[in-house]
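Okay, so here's the structure we're looking at.
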Amino acid sequence: MIRKIIPGAALLALASCAQNVQIEVSNPSQTQREAQSVEVAWSEITPLRGVTPENVVVLDAEGVQVPSQTIYAGEEEPQTLLFQTDIAAGETLRFAVIAGEREDYTAKAYGRQVPERYDDYAWENDKVAYRLYGPALETSPEKLITPGIDVWVKSTDRLVIDERYARGHYHHDYGDGMDCYKVGVTLGAGASLPFAGGKFWMMGHNYATQRTLDNGPIRTTVELTYAPFEVDGKEVSLVKTISLDAGSRFSRMENRYTGVAELPIAAGVVRHDVKEFAQGDGWFALREAASDSADPAGDGDIYLSIVLPGSEVLPETLGHALAVKMARDGEPLVYYAGSGWSKGGIENMAQWQKQAADLTAALAEPLAVRVIR
């Protein structure tokens, strides 16, 4: 990517005129943070003369253009402006938003429905790839109904979903990773279910409808609706919104249940050949051998994690590791599900455990964002 640089003096001049908006980002924590997403309400940007989603540009303090994305969240009008930054502990950075010529940013996040594979919905970024299962799978030869999430391990920062589906042999590693994870009728790598009376309450169908709300270059988001299903004698409905940002190994999972005042929800991962397990306040992490592989030793280890602040962690329940928290009628229950691979950037359990703990800390102490005019 060719970078257009505005000298520092010119950037300062921009700051003194009405043709830009200044954004100040501060890290209040004592931890270095990388690839942190920064969002600013679009209403804060619109006073900028002539700005549109097609010409909005973010510049750092050096005058270098920073990749950005206008977030619509499924609406017709822009909702927020998104960009990312690395930021040291206690550091404050300044960015300028102008109307200009946007560079051709490399997409690092992507998702889509896959009708050619029984309506899978797959999503990925430069670190990880996932999929879950759609309505066509119910009447396929597999006849599979499951809430489970499948993880496709990656050892490349390229987007690979489309080429793997086109190739059709995604259980073989052609040099950039593969599907070597077994889901079945489980939570797989980070799904969730109502958990009442000591049991899971399964949906009667795979997702009913899907709607891609945003799709790169930094964030991909999908909204999934499920047909009403029974939970302990009551009918509930579910809308699930999944988003994944560039540079992160964790998908943000937002569940909205309606039909019951309160409902315990278990977010988790199925346990296969677990080799290491760790937990903290509202999170757990584990390492296990590749579960859907003829050569688990050769295919390496898969790392999995759930971060659900305020949850109770149950390390081994119904064949799963779970994080359980109460959901209230119509209110979002948000958790994060992550994965890594021993042949794709995660070297050991200590490194993986730190990623889960760091995300938990970042959620408790987020970046401070201030718009200056």
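The values are calculated or read from the model by the stated rules, or taken from the named source; none is laboratory data. On a predicted model such as this, the values are computed, not experimentally measured, just so you know. As a convention, Cβ positions derive from the backbone with ideal geometry for all residues, glycine included, and neighbour counts pool all protein chains shown. Ligands, DNA and RNA are stripped out before the accessible areas are found, and what is left, the full protein with its side chains, is counted by its heavy atoms. Shrake-Rupley method; radii C 1.70, N 1.55, O 1.52, S 1.80 Å.
Scanning for something open to solvent by 20 Å² or more (accessible area, probe 1.4 Å) and in contact with a helix residue (DSSP H, G or I) (Cβ under 9 Å, 6 or more places away or on another chain), does region 252-262 turn up at least one residue? So far as region 252-262 goes, no, none of its residues is open to solvent by 20 Å² or more (accessible area, probe 1.4 Å) and in contact with a helix residue (DSSP H, G or I) (Cβ under 9 Å, 6 or more places away or on another chain). Based on what the data block shows, is Arg131 of a type in the set (Lys, Arg) and assigned to a strand (DSSP E or B)? So Arg131 passes the test. Kindly establish whether Ile87 is in contact (Cβ under 8 Å) with a residue 40 or more places away in the chain and touching a helix residue (DSSP H, G or I) at 6+ places or on another chain (Cβ under 9 Å). Spelling it out, it is not the case that Ile87 is in contact (Cβ under 8 Å) with a residue 40 or more places away in the chain and touching a helix residue (DSSP H, G or I) at 6+ places or on another chain (Cβ under 9 Å). Looking across region 231-251, the residues that are surrounded by 19 or more Cβ atoms within 10 Å (Cβ to Cβ) and in a strand (DSSP E or B) come down to Val231, Val236, Leu238, Lys240, Thr241, Ile242, Ser243, Leu244, Asp245, Phe250, Ser251. The residues of region 199-226 that are part of a loop (DSSP other than H, G, I, E, B) and touching a residue at least 60 places away in the same chain (Cβ under 8 Å), listed by number, are His205, Asn206, Tyr207, Ala208, Gly216, Pro217, Ile218. May I ask you to say which residue of Asp358, Asp329 is open to solvent by 70 Å² or more (accessible area, probe 1.4 Å), under 30 Å from Leu263 (Cβ atoms) and among the charged types (D, E, K, R)? Asp329 is the lone residue from the list that is open to solvent by 70 Å² or more (accessible area, probe 1.4 Å), under 30 Å from Leu263 (Cβ atoms) and among the charged types (D, E, K, R). Scanning region 134-159 for residues that are assigned to a loop (DSSP other than H, G, I, E, B), β-branched (Val, Ile, Thr), touching a strand residue (DSSP E or B) at 6+ places or on another chain (Cβ under 9 Å) and within 21 Å of Ser291 (Cβ to Cβ) yields a total of 1. Of the strands (runs of 3 or more DSSP E) lying entirely inside region 270-373, those containing at least 2 residues that are more than 20 Å from the chain's Cα centre (by Cα) span 274-280, 283-289, 312-317, 320-328, 368-372.
Residues in region 236-254 that are out of contact with any Ser or Thr (no Cβ under 6 Å at 6 or more places or on another chain) and closer than 17 Å to Met326 by Cα: Val236, Leu238, Lys240, Met253.
Could you check, for region 163-185, whether at least one of its residues is open to solvent by 40 Å² or more (accessible area, probe 1.4 Å) and within 30 Å of Arg328 (Cα to Cα)? Steps first, please.
Residues of region 163-185 that are open to solvent by 40 Å² or more (accessible area, probe 1.4 Å), as a first pass: 163, 166-169, 171-175, 182, 185.
Add one more test, that the residue is within 30 Å of Arg328 (Cα to Cα), and what stays is 185.
Yes, because at least one residue in region 163-185 is open to solvent by 40 Å² or more (accessible area, probe 1.4 Å) and within 30 Å of Arg328 (Cα to Cα).
Give region 62-98 a look and list any residue that's among the hydrophobic types (A, V, I, L, M, F, W, C) and either crowded, with 18+ Cβ neighbours inside 10 Å or modelled with pLDDT under 95 (or both), or say none.
Step one: of region 62-98, the residues among the hydrophobic types (A, V, I, L, M, F, W, C) are 64, 66, 71, 73, 81-83, 87-89, 93, 95-98.
Val66, Ile71, Leu81, Leu82, Phe83, Ile87, Phe95, Ala96, Val97, Ile98 - these are the residues of region 62-98 that are among the hydrophobic types (A, V, I, L, M, F, W, C) and either crowded, with 18+ Cβ neighbours inside 10 Å or modelled with pLDDT under 95 (or both).
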